[in-house]
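The values are calculated or read from the model by the stated rules, or taken from the named source; none is laboratory data. Since we're looking at a predicted model, the values are computed, not measured. Methodologically, a virtual Cβ is constructed for each residue, glycine included, from the backbone with ideal geometry; neighbour enumeration extends over all protein chains shown.
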Amino acid sequence: MGAGVLASRAAVDRLRRGLARDRRVIEPRSVDGAPLWVETAGEGAFAWTLAPPLVGVKGWFFPPREPVLAWDGTGAVLPTVPSPDRIAFVGLRACDLAAIAHLDAHFGADPWYRTRRDAALLVGVDCLQACAGGFCIEVDAGPFARAAFDLNLTPLPDGRVVAAWGSAVGRAALADAGVTTKAVDEGTTLLLGELATTAAASFPVRSYVARGLARLNAAPAGAAIADEEWQALGPRCLACTGCTSLCPTCTCFTVVDELDGAGGARARVWDSCLLEGFQREASGHHPAPRPGDRVRRFWYHKLSRDFAGPGGRLGCVGCGRCDVTCPGTIGALGVLAALGGER
Amino acid sequence: MTPTTCPFCAVGCGLVLDVAAKRVVAVTPDPVHPVSRGQLCAKGWNAGPFLASPERLRQPLLRRNGRLQPAAWSTALAAAAEALAAARAEGGADAVGVIASARATNEDAFAAMKFARAVLGTNNVDHCARVCHAPSVAGLRRTLGSGAMTNPIADLDEADCLFVVGADVTENHTIIGGRILAAHERGIPLVVVDPRRTRLARAADLHVQLRLGTDIALVNGMLHAIFAHGWEDGAYLAARCENVAALQASVADWTPDAAARVTGVTAATIVAAARLYATSRRGWLAYGLGVTQHVSGTETVIALSNLALVTGNVGVIGGGVNPLRGQNNVQGACDMGALPDVYSGYQAVADENARRRFETAWGVALPTAPGRTSLAMQHAAHDGELKALVVIGQDPAVTDPGGRFVARVLERLDCLIVAELFLTETAKLADIVLPAASFAEKDGTFTSTERRVQRVRRALAPPGEARADWQILDALAARLGRPLGFRDAAGIFAEMAALTPSYAGMSYARLEARGGLCWPCPTPTHPGTPRLHVEGCVRGRGRLIPVVHTPPAELPDADYPLQLTTFRLHHQYGSGSMTRRAPLLERENPRGLVWMHASDAARRRIATGAAVRVRSRRGEVTTRAVVSDDVPPGVVAMPYHFAEASPNLVTNDALDPIARMPELKVCAVAVEAC
C-alpha cells in the first residue's frame, strides 16, 4: 500500500493507454444516455463523474452461466477453467470494490473465479458526490474506496489526482505507463480529508437506514422485527430475480446439466434465493414457504452483521441497484424504510 | 451489447443482450428504457437459456414414412410449395390458410399476410389474437373507433383511481403490475374485479370477487348506481358521446341489488366500486383476458367502454380503456393485418379502395371476401374444406380450446407446414417443419400493448440453418412463382408503412431512439400518439351501446359441479416452448396445476400435491392439486402453459358471436382424487 500524486488528469489518460498496451481496458461510458461498462482501449475522455452502471462487473468474474464440467461423449472430459484475456477495469466505484472484496472472500481458490479475477487489474475512482439512490456511506463501503483495488484514484479540484496502490501490480502499472508521482504532502492530505467531508455531506439524510439496520441487528437475532412486518413485505416480492442478479455481492448458483447428444456440460448458473424453487425440497417441504420468509432471509443476509464479510462490512454495499430494478419497490432502501418506520 | 425489446409479454420492456462466443451470455434490463426503466420480470431476466438450447430446430424436417426426418431447405421448400399448389388446385385458393404469429416481428406478420393474400390468393389468415383480444378489437372499434389501448402505461401514475378487471397484472404484465402496486402505495385507490384473489386483489382497497362471467351485470349495476347518484360526467356525455338515453334506460332495472344477485357480490360493494371509480377525477381502467375470453367477451368490452365514457375517462390523461395485450407483438400482428378481414392498419378487405391500393402496390388481384378465423380454419379442416395450413410460431394443439379436436383436425390436413423454434406439440403433427430464427437472431419491430413500435435487433446468427419467418415465406413464395420481393427487414417495414396510414411516418431511422414511437404516426415529423381520442373519439362521438348479461355457455350442474377458469403464471409463458427451457423458471413450477378451495378439496379428500382428475364434457386431464384461497368455493383454476396437463383438453370452445372468441375462461368440470 502507498500513494502518490499525479500532476494532472492527463497522467491518468497516460495510465489508461499504458494499461491498454497489454490489457483489454473496460471503462464506464454513457451509451445512449445509459452508463455501461464498455471496452475502450483507454481511448477517449474518461467519464470522471458518470454514475455507476446499473449492471456491475460481477458477471466478468462469476458469469451468469459457467460450465464446470464438460464431456464430448467419447469418454473424454473437456477442460472448463477459462483462459481469460488480461483486462483492466478503470473507474470502479467504492461500492463495487467493496463488493469484489466480498466475492474474493467467498470464492477463495475457486479455479473459475480465481482465474478470471487474477487476470483483472482494478482501478478505482472515488466518488466526490453521492449518486442518486446510493447509500454506501451508511454501510461503510464508500464513497471513498476501502478495499480490493490495485490502484485507486481521487481527483482533486485543482486537476491533480491522488493515486493509491493496493498491490504491486497496481504500482507497476503506473511505472509501466511512464506516470510519475510525487509524495502526498500534508496539504494534499488535508485536502483529501475536506473532500471526504464534502462527499459525505452530499448524501441525503436517511435516518431510517440507521434505524432499520439497528432493528435488524438487535440481539437476539430477529427479535426486534415482528414476523408480520416481513409478511407484509412478502407480497411485494414478485420473484423476478432482479435484485439478486444485479446485487454485486450475490453469489448463489445452481447446477444444470445441459445434454446435447452424447456430449454436454454441467454448468453453474446464477440462482436467486427469492425464488420459491430455491429451497423447495423433493418432498414438497419448504423451510421458507412464504414469500415474506424469503424476503427476510435475503435482507438478513445482506444487512445483518452475522453475515459480515471482509473488514466487517455488511453484505450490502449500498449501491442502490436493487431499488432501481425491483418492480415491487422493496430494494434495500425500500426495505430499510419499512423497517425504519419511514413507510 | 445489443439493446432490443423483450420477446415475452406486451409491456415492451427494454433488454440488453450481451453476446460472447456466439452465445447470449447475459440478459440485463435497459437502464434508460422509458417503459421498463431498469426493470424486468423473471421471464425477461431468463430470456437467454432457450436461445442456446440444444433442442432448437437447426434444419428443416420432412415427414417420410411417417417420421419427421432432416431435409435440405430446397427439398423442404419444394415439398411445401407442391403441397400448397396441390391443395389450391383441388379445393381452390380458400383450401389453404396461414396462421401468423403474435410472437414474431411486425415484418414477419406483414410477410405472412402478404403471403396469404398475394401468393396463396386467400384471406384465410389469422393469429392467436383470436383467443386473446379479438373482442377488444371488435368492441372498442364499435364504441370508440379504435381497438387498441387508449392510454399509455405511464398514465397510471397520473390517475386518481386504478380499476383493474380480469387481469392478473403482477404475474402477467409484471412491470405494469409493479407500477400499480407502487401507485397504490402512494395512496391511489385500487379496485380489482376478479373471481380469483390475485396478488393485486389482496392489495386492493376493494376486491370485487364476482362470479365467473358476470362482468356485464356488475358494470350495469355500477352504471345504475352512477346515474342514480349523479356521478356521471354530464358535460362530457353531452359534448362527446351518443346514445346516452338508451344506455341509461338499459340499466334502469340493474339496481345494485339485481346486479348483486347475478354477480354474487354485495350491493354495497357494487356501489362502493362505482363511487371509487366514478368520483375520482381520472380513472385508469385496465383489463385482461378475464374480460375477453367469454361468449360475452365483446359485449363485456363494450360494457367497460360504457363505464369509462359515462365517467368522462376516455381521451384524458390518466384515464382510458386499456386492454393489456398478451403477446409481445399481438398488437403488431393485428396492426399488420394478420386477420381475415383487414389489411394492415385495419383497412377492410371488403373496402374496394383499400383493396385497390394493395393490388396496385403488389401487382396482383386480391381476394374480396373476408377469410376464415383460426378456429373456422380448424372446422374447415375437419370438414375437409381446408387442405393445407401454414402455422408460424404458434402452438394451437396446446393453446386452443376443445380437447383433442385441434390435434385431430391438424392431423386430417393433407399438409401441415410449421415454422418454429422448437418441435412443439403442433410441430410434431406437421408434414414439414421449418426452423425459425428467434427474436435475438433477426432484425424487426414489435408493437407493444400501448401501441409502441420498437426495434428488435439481431445480436447473433440463427442456429444451424434457421431463418427469419419472412425469409422462409419469401423463399416459399418464390417456389410458388410469386416472390414477395423482400430484401431485408427495413425494406418490409418501409413497404408496410407506405401502405398503412397509422405507421406511415415511421422508419427504422426514427425508431432508433429508445422507446420508438406510438401509432398513429401519420407523417415523418409526427411525434406519435401515446394517448388516443383526445380531440374526440376516433369514430367521432363515443358510442354508448346497451349490453345485457349473458351467462357462460356452460354452467355447473350435478354431473359437473365446479367451474373451471384458466390463468397464467409469472414464471411461464404461453405453451412454455421458451420459458420451460430456462432452468430457474422451470424449477419454479408449482407442485400441482389445479387450484381449488379448501372446502371443495376437503369434500373430495384432496390435499395439496394429491393426484386429481379434472373432467368436462369434452375431455379430461390428470394433474396435482393446490389447495388455496386464491379461488372461491365452487371454482377451480388451471394455468395453460403445460402440455402434460393442458386445461384446453377440458375447456369450452363455445364462441363469442361477434369476435369468434372461445370461452376459455369458464366451463363446468368435475374434479376427483385419482
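Residues being more than 8 Å from every other protein chain (Cβ to nearest Cβ) and buried (at least 22 other Cβ atoms within 10 Å of the Cβ): count how many of those fall in the stretch B:28-43.
Total meeting the criteria: 4.
What pairs can you find where one residue is in the stretch A:294-305 and closer than 16 Å to A:GLY277 by Cα, the other is basic (Lys, Arg), and their Cβ atoms are less than 9 Å apart, with a gap of 6+ or different chains?
Close Cβ pairs (under 9 Å, with a partner that is basic (Lys, Arg)) amount to A:VAL295/A:ARG236.
Can you name the number of the only condition in (1) within 14 Å of another protein chain (Cβ to nearest Cβ); (2) buried (at least 20 other Cβ atoms within 10 Å of the Cβ); (3) among the acidic types (Asp, Glu) that A:ASP85 fails?
Unmet condition: (2).
Name the single residue that is surrounded by the most Cβ atoms within 10 Å (Cβ to Cβ) among those in the stretch A:309-340 being on the phi < 0 side of the Ramachandran plot, more than 13 Å from chain B (Cβ to nearest Cβ) and part of a helix (DSSP H, G or I).
A:VAL335
Go through the stretch B:453-515 and tell me which helices (runs of 4 or more DSSP H), entirely inside it, have 3 or more residues that are surrounded by fewer than 16 Cβ atoms within 10 Å (Cβ to Cβ) and not acidic (Asp, Glu).
In the stretch B:453-515, B:489-499 are the helices (runs of 4 or more DSSP H) which contain 3 or more residues that are surrounded by fewer than 16 Cβ atoms within 10 Å (Cβ to Cβ) and not acidic (Asp, Glu).
Restricting the search to the stretch A:275-297, which residues are within 12 Å of chain B (Cβ to nearest Cβ) and among the small types (Gly, Ala, Ser)?
Within the stretch A:275-297, A:GLY277, A:ALA282, A:SER283, A:GLY284 meet the criteria.
Can you name the condition, by its number, that B:ALA26 falls short on among (1) in a loop (DSSP other than H, G, I, E, B); (2) without any contact (Cβ under 8 Å) to a residue 24 or more places away in the chain?
(1)
Just to be sure I understand the filter: pairs with C-beta atoms under 6 Å, separated by 6 or more residues or on different chains, first member in the stretch A:25-46 and more than 14 Å from every other protein chain (Cβ to nearest Cβ), second member surrounded by 16 or more Cβ atoms within 10 Å (Cβ to Cβ) and part of a loop (DSSP other than H, G, I, E, B). Which pairs pass?
That search, which allows pairs on different chains as well, returns A:VAL25/A:THR40; A:VAL25/A:GLY42.
Residue by residue, here is whether (1) more than 30 Å from B:LEU237 (Cα to Cα); (2) surrounded by 24 or more Cβ atoms within 10 Å (Cβ to Cβ); (3) small (Gly, Ala, Ser) holds:
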site	(1), (2), (3)
B:VAL301	no, yes, no
B:GLY315	no, no, yes
B:SER344	yes, yes, yes
B:ASN353	yes, no, no
B:TRP362	yes, no, no
B:ASP383	yes, no, no
B:ILE392	yes, yes, no
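Restricting attention to the stretch B:364-378, which residues are crowded, with 16+ Cβ neighbours inside 10 Å and not aliphatic (A, V, I, L, M)?
Within the stretch B:364-378, B:PRO367, B:GLY371, B:ARG372, B:THR373, B:SER374, B:GLN378 qualify.
Given the structure, is B:VAL16 free of Cβ contacts under 8 Å to residues at least 60 places away in the same chain, within 9 Å of chain A (Cβ to nearest Cβ) and surrounded by fewer than 20 Cβ atoms within 10 Å (Cβ to Cβ)?
No.
Using the structure shown, decide if B:THR651 is part of a strand (DSSP E or B), more than 14 Å from chain A (Cβ to nearest Cβ) and closer than 16 Å to B:THR399 by Cα.
Answer is no for this residue.
For A:ALA288, only one of the following conditions fails: (1) under 22 Å from A:ALA226 (Cα atoms); (2) of a type in the set (A, V, I, L, M); (3) in contact (Cβ under 8 Å) with a residue 24 or more places away in the chain. What is its number?
(3)
Looking only at the stretch A:44-78, how many residues end up being of a type in the set (S, T, N, Q) and over 30 Å from A:ARG9 (Cα atoms)?
Summing the residues that are of a type in the set (S, T, N, Q) and over 30 Å from A:ARG9 (Cα atoms) in the stretch A:44-78 gives 1.
In this structure, is B:LEU200 part of a helix (DSSP H, G or I), more than 14 Å from chain A (Cβ to nearest Cβ) and within 25 Å of the chain's Cα centre (by Cα)?
no
If we scan the stretch A:205-214, do we find a residue that is in a loop (DSSP other than H, G, I, E, B) and within 11 Å of chain B (Cβ to nearest Cβ)?
Checked the stretch A:205-214: no residue is in a loop (DSSP other than H, G, I, E, B) and within 11 Å of chain B (Cβ to nearest Cβ).
Can you pull out every residue in the stretch B:220-277 that is under 20 Å from B:CYS161 (Cα atoms) and of a type in the set (D, E, K, R)?
Within the stretch B:220-277, B:GLU232, B:ASP233, B:ARG275 meet the criteria.
So if I check each of A:LEU259, A:LEU233, A:LEU246, which one is in contact with a helix residue (DSSP H, G or I) (Cβ under 7 Å, 6 or more places away or on another chain), within 11 Å of another protein chain (Cβ to nearest Cβ) and not polar (S, T, N, Q)?
A:LEU246
I'm trying to understand the selection: among the residues of the stretch B:576-615, which are among the aliphatic types (A, V, I, L, M) and within 14 Å of chain A (Cβ to nearest Cβ)?
Selection gives B:ALA582, B:LEU584, B:LEU585, B:ALA607, B:ALA610, B:ALA611.
Among the numbered criteria (1) within 14 Å of another protein chain (Cβ to nearest Cβ); (2) over 27 Å from B:PRO49 (Cα atoms), which one does A:GLY56 miss?
(2)
Of all the helices (runs of 4 or more DSSP H) wholly in the stretch B:73-179, which have at least 1 residues that are within 17 Å of the chain's Cα centre (by Cα)?
B:106-114, B:134-143, B:169-172
Let me confirm something: among B:VAL271, B:VAL262, which residue is assigned to a helix (DSSP H, G or I), in the same structural domain as B:THR214 (by TED's automatic domain parsing), of a type in the set (Val, Ile, Thr) and in contact with a Pro (Cβ under 6 Å, 6 or more places away or on another chain)?
B:VAL271
Let's see how each residue does on (1) touching a strand residue (DSSP E or B) at 6+ places or on another chain (Cβ under 9 Å); (2) modelled with pLDDT of 95 or more:
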site: B:ALA478; (1), (2): no, yes
site: B:ASP488; (1), (2): no, yes
site: B:ALA494; (1), (2): no, yes
site: B:SER507; (1), (2): no, yes
site: B:LEU517; (1), (2): yes, yes
site: B:CYS521; (1), (2): yes, yes
site: B:PRO527; (1), (2): yes, yes
site: B:GLY536; (1), (2): yes, no
site: B:LEU555; (1), (2): yes, yes
